[in-house]
There are 2 protein chains.
Amino acid sequence: MTKTPGKLIPKVPSPKVPSVPGAVSRRAHYSATTKRALIDVAEELFTANGYAGTSLDSIVAGARVTKGALYHHFSGKRAVFEAVFDRVESQAGQTITQALKRQRDPWSRAMAGLEAFLEVVQQPTYRRIVIQDGPSVMGYERFRELEERSTFATMTDIVRALLKAGDWDVDEAMLKTFTTIFFGAMSSAGESVATSDDTAQAAARVEAAIGFLLAGLQGLADRGAAGPSPHVDDEDEPEAAGD
Amino acid sequence: MTKTPGKLIPKVPSPKVPSVPGAVSRRAHYSATTKRALIDVAEELFTANGYAGTSLDSIVAGARVTKGALYHHFSGKRAVFEAVFDRVESQAGQTITQALKRQRDPWSRAMAGLEAFLEVVQQPTYRRIVIQDGPSVMGYERFRELEERSTFATMTDIVRALLKAGDWDVDEAMLKTFTTIFFGAMSSAGESVATSDDTAQAAARVEAAIGFLLAGLQGLADRGAAGPSPHVDDEDEPEAAGD
DNA sequence: GTTCCCACATACTGTGAGTACGTACTGAGA
DNA sequence: TCTCAGTACGTACTCACAGTATGTGGGAAC
């Protein structure tokens, strides 16, 4: 709506700039700017109205281009979403990584990570794009695949350090299982925090609950308890080879 | 599956049956049958192709009616999805509740519930409709609202018993927080189990991991540790009244 | 200056959700 | 048995939106 038919892109009158080696061309710069504008607008609209509730027309209108531009830069609506997802995800990963830098002890690192994650997960953009729409739009497998490269990776490091601190050595599969559990717990908790009336208090409750779980683990570590090991009961899958 | 393509709506030539008191009328029966057929087909197609990938035309074609029938019974596509969601959810809740009946001890009830949930969450229908598409299609709040009436409710009972067994008395908000955490952990774990190559072994790992966490809690309980309590640091919300 | 081609714009198509309205059949009353 | 009303659909449309085919203007290499 209110489609302003104004000039597209920053139509500067183009002074003759000799192409400095190493500098991007004007064309390339325009192109990159257009693409960024599309992603910016898309992020905003996806956050506000969700994936299904956002039309490509509204995106290109917001970026003051046409569908031709969008389809030049992206293969389709899903690709636009993935670009937005990617950016939101990596920003979240950086935020959490940053919060960890001050902590040395694995247990306090875990709590710091939790705190940072609870901050992140309260951002409407992260909630809507990553948690709510992500799995549905991209499919769970692709979703996890992208997650694995940022936030999930950071979380894996935290959990790895935790298990090491407890003197439990587990294989990669078990590590991943633990991380998945924690990640799911915190995503869900984060959503409930975000939808709560009093987010601060809800966050405090989540921290208390997770802290309580960690305290339980710490207790096991202090008592030198054996690590987790899956007892395999073969019901219909007799062989259990592979990773 | 293997939905037999037999006649859905029994187009019997209608012999004159005097309306027996207590029996539903022929019209009502037809109507209910049509509605069920629509939900059946919708469940199948939503599971196979997802919400966005399923057209109303394909649903009504599968049920051998037209869109007029569908819009007579449902307000729209979302309403069809909710009807399917409701059924899938309540079935899952019943399955889990059933699995709990044999167990008395809170800790073993928790593990039995976990096991049952892991079974449920591997069903393609539950995964796709409840976990993957649910939050996106219905919105997180409506999603949680419906969840709260079946699976989540069962899980709340389990967690309540667990906390009671540990002699920790927490308020309803804290109980909900704990349940949310466990629910999220298990949903996420269930998804990873379902997408795993060797589901049996993956499920075993999840059980080991959750069991390990519970063992930690049990250790705290044995040592008479104090329960979880949120330390409230008032940043911008000075008052903390009401739930 | 000429030419190329990239980065778009324009105009179109197909599909699918939702709607307006028509109609046949059923069940209740006379 | 004959209305008669209303339910339970069917038919035919509209509108919105994702995607496509093709045209074009302007920077950049020569």
Can you give me the number of residues within the range B:216-233 that are modelled with pLDDT under 90 and assigned to a helix (DSSP H, G or I)?
-> 0
Check on residue A:190, part of a helix (DSSP H, G or I), in contact with a Phe, Trp or Tyr (Cβ under 9 Å, 6 or more places away or on another chain), surrounded by fewer than 24 Cβ atoms within 10 Å (Cβ to Cβ) and not basic (Lys, Arg) | no
For the range A:20-37, how many residues are modelled with pLDDT of 90 or more and either of a type in the set (Gly, Ala, Ser) or more than 33 Å from the chain's Cα centre (by Cα) (or both)?
-> 3
Which of the residues that make up the range B:77-105 are within 16 Å of DNA strand C (Cβ to nearest atom) and among the basic types (Lys, Arg)?
-> B:77, B:78
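Any idea which residue in the range A:55-68 is farthest from the other protein chains (Cβ to nearest Cβ), counting only those that are among the aliphatic types (A, V, I, L, M) and more than 10 Å from DNA strand D (Cβ to nearest atom)?
A:65
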Given the residues A:84, A:80, which is the only one that is modelled with pLDDT of 95 or more, within 13 Å of DNA strand D (Cβ to nearest atom), β-branched (Val, Ile, Thr) and closer than 25 Å to residue A:36 by Cα?
-> A:80
For the range B:103-118, does any single residue satisfy the condition of being modelled with pLDDT of 95 or more and surrounded by 21 or more Cβ atoms within 10 Å (Cβ to Cβ)?
-> no
In the range A:27-76, what count of residues is obtained for those that are more than 10 Å from DNA strand C (Cβ to nearest atom) and not in a helix (DSSP H, G or I)?
-> 8
By residue number, the members of the range A:145-167 that are under 13 Å from the mean Cα position of the chain (by Cα) and open to solvent by 30 Å² or more (accessible area, probe 1.4 Å) are A:145, A:148, A:149, A:153
Unmet criterion (only one of (1) in contact (Cβ under 8 Å) with a residue 24 or more places away in the chain; (2) within 7 Å of chain A (Cβ to nearest Cβ)) for residue B:214 | (2)
In this structure, does residue A:106 turn out to be closer than 26 Å to residue B:136 by Cα, touching a helix residue (DSSP H, G or I) at 6+ places or on another chain (Cβ under 8 Å) and more than 16 Å from DNA strand D (Cβ to nearest atom)?
-> no
All positions within the range A:141-183 that are touching a Lys or Arg at 6+ places or on another chain (Cβ under 8 Å) and within 8 Å of chain B (Cβ to nearest Cβ) = A:173, A:174, A:177
Just give me the residues in the range A:42-54 being open to solvent by 50 Å² or more (accessible area, probe 1.4 Å) and away from chain B (no Cβ under 14 Å), in sequence order.
-> A:44
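The values are calculated or read from the model by the stated rules, or taken from the named source; none is laboratory data. Keep in mind it's a predicted model, so treat the numbers as computed, not measured. Here Cβ is always computed from backbone atoms with ideal geometry, including for glycine, and neighbour counts include all displayed protein chains. Quick note on the areas: whole protein, heavy atoms, side chains included, nothing else; ligands and nucleic acids left out. Shrake-Rupley method; radii C 1.70, N 1.55, O 1.52, S 1.80 Å.
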